[in-house]
1. Residues that are more than 14 Å from chain A (Cβ to nearest Cβ), at least 1 per element: which strands (runs of 3 or more DSSP E) completely within the stretch B:696-742 meet that?
2. Checking the conditions here, which among B:Phe539, B:Phe573 is within 27 Å of B:Leu650 (Cβ to Cβ) and among the aromatic types (Phe, Trp, Tyr)?
3. I'd like the residue in the stretch B:153-177 that is outside any loop (DSSP other than H, G, I, E, B) and in contact with a Phe, Trp or Tyr (Cβ under 7 Å, 6 or more places away or on another chain) and, out of all such residues, is surrounded by the fewest Cβ atoms within 10 Å (Cβ to Cβ).
4. Between B:Lys768, B:Lys772, which is crowded, with 16+ Cβ neighbours inside 10 Å, in contact (Cβ under 8 Å) with a residue 24 or more places away in the chain and within 12 Å of chain A (Cβ to nearest Cβ)?
5. Quick one: would you say B:Ser50 is closer than 30 Å to B:Gln405 by Cα and without any contact (Cβ under 8 Å) to a residue 12 or more places away in the chain?
6. Could you tell me how many of the residues in the stretch B:316-344 are surrounded by fewer than 18 Cβ atoms within 10 Å (Cβ to Cβ), part of a strand (DSSP E or B) and in contact with a Pro (Cβ under 8 Å, 6 or more places away or on another chain)?
7. Inside the stretch B:876-892, can you point out the residues that are at pLDDT 90 or above and among the hydroxyl-bearing types (Ser, Thr, Tyr)?
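The values are calculated or read from the model by the stated rules, or taken from the named source; none is laboratory data. None of the values given here were measured: they were computed from a predicted structure. Using ideal geometry, Cβ is built from the backbone for each residue, glycine included, and neighbour counts are taken over all protein chains shown.
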Amino acid sequence: MARLLAFKAVIIFNVLFSVCTDLAYCNNGRRGGDPLETEVSGFSVPLEHSFELDDVAKFQSRGSLLLKTGREPSVSLAQNQLSEEDRAKLKEVAAVDGLYRIRVPRVFLQADRQTEWQMEGYLTAFVRACAMVESHLSDVITLHTDVSGYLIGVSIVTLPGACRGTEVEDEVDLEVFNTTLSIMAPVNAPGPETALFLERMEQESEKKGKNPQEQKSFFAKYWYLILGGAIFLMLTNSAQPPAGGGREQS
Amino acid sequence: MAKLILLLLELCIIFCVVHAVFEDQVGKFDWRQQYVGKVRFSHFDTQMQSSKKVLVATESNVFAALNSRTGELFWRHVDKAGPEGNIDALLHHAQDAILVVGNGRVLRSWDVNIGGLNWEVLLDSGSFRSASLVGQQGTVKHVAVLKKAFISVHYLSNGHQKWVENLPDSETVDYQTVYSGGNGQVFVLGVVPHSHITIVVYSMEDGEIIKQVSVEAPWLSNIPASCVVVGQGILMCADSTTMSLNTLDLHQQTQMTQIPLQSLGLEADPDFHPSLMSHQPNAAQKPLSEFFLQLGPERYLLLQLNNGQIVTLRDFNPALLASFATTGEKTVAAVMSPKNKTACSINLFSADTGRRLLDTTLIFTVDPNGGKPEKLHVQAFLKKDDSVGYRVMVQTEDQTLTFIQQPGRVMWTREEALSDVVTMEMVDLPLTGTQAELEGEFGKKADGLFSMVLKRLSSQLIMLQAWIAHLWKLFYDARKPRSQVKNDISIDNLSRDEFNLQKMMVMVTSSGKLFGIDSKTGAILWKHYLDNIPSNAAFKLMVQRTTAHFPHPPQCTLLIKDKDTGRATLHVFNPIFGRRSQVTPPALPQPILQSLMLPLMDQDYAKVLLLVDDQYKVSAFPSTKNVLQQLQETASSIFFFLVDSSQGRLSGYRLRTDLSTEQVWEVVIPTEVQKIVFVKGKRPNEHVHSQGRVMGDRSVLYKYLNPNLLAVVTESTDMHQERSFIGILLIDGVTGRIIHEAVQRKARGPVHVVHSENWVVYEYWSTKSRRKEFSVIELYEGMELYNSTVFSSLDRPHAPQVLQQSYIFPSSISTMEATLTEKGITSRHILIGLPSGGILSLPKMFLDPRRPEIITEQSREENLIPYAPELIIRTEWFINYNQSVSRVRGIYTAPSGLESTCLVVAYGLDIYQTRVYPSKQFDVLKDDYDYMLISSVLFALFFATMISKRLAEVKLLNRAWR
């Protein structure tokens, strides 16, 4: 029950505060060994990757994601360097057009206690290994949460994304990850904009009110034309009978 | 200000595209067929000899009167769908038809002649058990309705309640039947299962209980299923355990008399439950003492109860169906018995003697592509010589009604299965023989110049011959009076027309019957009934080979999947003729999770269908060597996704060369918060003509045209109106990348989604404002394209720009679909089926997130309509004028050969076919185009130039002489 309440509270929080995207800093891995500031409402989960020649996933640790929970979740990343062995393997996998996969465990970012954030299962994503190599390990990882703060998906793209078959000569280029990490919550879809529309209508009618020319009625505007027309009609009508009468007389 | 008005006027002129048809165009391009559904009750209107009405109440909650001469509808009343409008009982007396609707919620009386409502009364709540007309002294003036705990009697004339009485011990006794023999007493029969029957007799006058008895009957649990009332109020029950008939005189006895079937010299099938059928011609009279006993699936007996003795009048073996009918004073029994494989014969027998009546044989031909006969409705009438004539309406398993007259002339058939179309496709018609001949010339390999010339000459000769034959037919027809000239559409003369406007509609119905319908006329050209269809089957219809690959026949595949077990079967057929294909479909031993059509083709031009089973193994159909080789080559680029909405799991897979799969991505949406209701991709045959939109400043905004994009719609599990929401996720189906994620707060389903080009339109219920709202999402790549030549999901690193806008819609909707044209040049419209039966064609232009709130010079340049929160329904947007489509469930759109024209079929209880022209008919000359004028002007100009040339020459000559 308590959990349910927390859950509802979370939804209300989300209603009140539009959750925005927080870009985390890029970690270039050199400072991977630095002690990370652990905050009270944060926890870290492993980020794992797998690249195998036979394409059977064998996940190994790539780094750890430090997730800050709360209303505005944020994320930062600490990751290891690729070992020489791994670098060679990655190049081999790229040569046979294998996949480079990553996975993160499913977590709940709005949990208050440690025991609650962990959930069963993983979220996975992939890029082509060649794209990883050719981009010199520069990738963009995005974590997606749902309305109530559950992590629902992860996506990875490399920049540039294409595989052109260019050789990466320098081994150093494949040593450190150059990762841009962000966490995305759903945006609020807009409803119909009635207020603005009404305001605009009011402004228009006000403008109309100010302009006396517009306010004049049809008759007030065109009285001279109507009068002229009426006189013309009267004249033509009155002119006819005498003419007819004249003919009769003669 | 004047400028603004001018602008508005201008906009009106530009955008008020008139879609309405002219009066003389009604029915020219469109047709509608109205259906009633599977018949549950039917009555012939017998009050007049010349009456032509058949009253039917159906399982689709429709009450209608059919014309028994033509099969057309006189009138039809469509009630609410679902259990609320369910028709529990239909009673018919003289001019009145009494209906009990919605589990005994409403009692209605209809006037049979005009279909008008006489009266309607709401009944007290309680589950409905039975209803019966109650007669007294030869006239019927009341109707009795039995519910679980009480019985009420109403006047037939105005529906007022005469009396209502609670039933004694209604907690323990299950009252099931009400019966009246026309003597001022109402019998209510209830049963305590496996114990005893309770009979309560009420006085008709004031509802007083006259008598209450209980009778031992430990073997009985359901009275209507095993008992009938025969003769002088004698309850006759069939007991399948002891194989005996049990009789009980409702007036006197308190003990059942058991008559073993063996004592009558009868033997029953051991595992068949014998059933009884009696007949009460008039509610004011006693039932007949003759009755039918069904002893086996193909055996009926006509028995008579005579002073407590049962006499066998006649044994019908074999007999498929039996039925009683009364005309005047005479009652006859009609029995249908199988004759041979393709025909059944129906004969009339005198009910009181069991003698066969002379000259009453009627032959019913069983359609080999139809179902078995299920019900027999007999209309008997007296001929001039006082003998009995009759017509029958046979209802078959495939929901077909066939009305037959002696000696076997089919007067009409109605295909009621079409009232529940599940899915459909439109297939191009084949070329004519001569066109195919010409086509075939290109297909063959070139073998020398001379032979090619000869071939061309011969095919040209054949075409000339065909043309002369056509001219001759025209000339021949012209001499005949117009009424005789019929251009019958039959399967033999089907051919594609000039603009490919006429197509074959292949419709799959929930009963498992397939139809091929000509889209131009609505004529049913073929039908095929698939038996052994599970009741909860899901269907998916796919076109594997179109008609374009002459001489290979076109091929459609229907995947039939049992929703519970996941087991699937394939039905492969030719969509033009409806015949089962020569190709044997593979047996599918494993439950099927997903099926996908690949653009790959085998050497016979059939597209490859991949089926993924629950072991994530993939099988291909057709699975020839060629196909497997192609699959191996392209395996690494074949991705597919699976959705498990019960766990909120979306997962992507990639095909391996050995036809196994590997999971490549996974997205999990927690089911505690929201559940997936829709996953919609784009239609594979959709073309987008322009890659971008030209902006006011002449720059181009490029569309994000990802063919693999999926729109996932979720609904919150929390239904509280403050907290409920609708979630929209746009996911790339190949990489699993979430492109966009949005929530519509304070919103609730049902959601309808259309996903096409670079936009998603969805409709939902706003709980905050209590109204229906539309929202549109459009995706743009930006001012420059990442890779303009080809789109790859694996190489599109930048997320698209997302624009969204919402609107108020003044009506709820039933279904939604977007128009589709050949090349995608024509602007798009959204076709919306409304519950009122209208089909609205809403220009997509009104659902454009770039509609500006403040008009600027640039937006005017771009022809954007200024934003207005409300979408107004204009009456000229209704494409079906007064041809309402009841309970529209789906709209199907197909491109035609003309770019301007899109073919539309709306189906529900009715079927409506029409054409729409979203950007008007820009590529067609109008019907009333003045050819005379243009040609006379041309000729006049031509002669004028000739004359003036001549004159000029003369003038020149004259000048030269001077």
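1. By residue number, B:700-703.
2. Every option except B:Phe539 fails the conditions.
3. So the residue we want is B:Asn166.
4. Just a single option satisfies the conditions, and that option is B:Lys772.
5. So B:Ser50 fits the description; yes.
6. Number of matching residues: 2.
7. Of everything in the stretch B:876-892, those that are at pLDDT 90 or above and among the hydroxyl-bearing types (Ser, Thr, Tyr) turn out to be B:Ser884, B:Ser886, B:Tyr892.
Results for (1) more than 14 Å from chain A (Cβ to nearest Cβ); (2) among the polar types (S, T, N, Q); (3) in contact with a Cys (Cβ under 7 Å, 6 or more places away or on another chain), shown as yes or no for each residue.
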{"position": "B:Ile854", "(1), (2), (3)": "no, no, no"}
{"position": "B:Pro895", "(1), (2), (3)": "yes, no, yes"}
{"position": "B:Ser900", "(1), (2), (3)": "yes, yes, no"}
{"position": "B:Asp928", "(1), (2), (3)": "yes, no, no"}
{"position": "B:Ala944", "(1), (2), (3)": "yes, no, no"}
{"position": "B:Glu953", "(1), (2), (3)": "yes, no, no"}
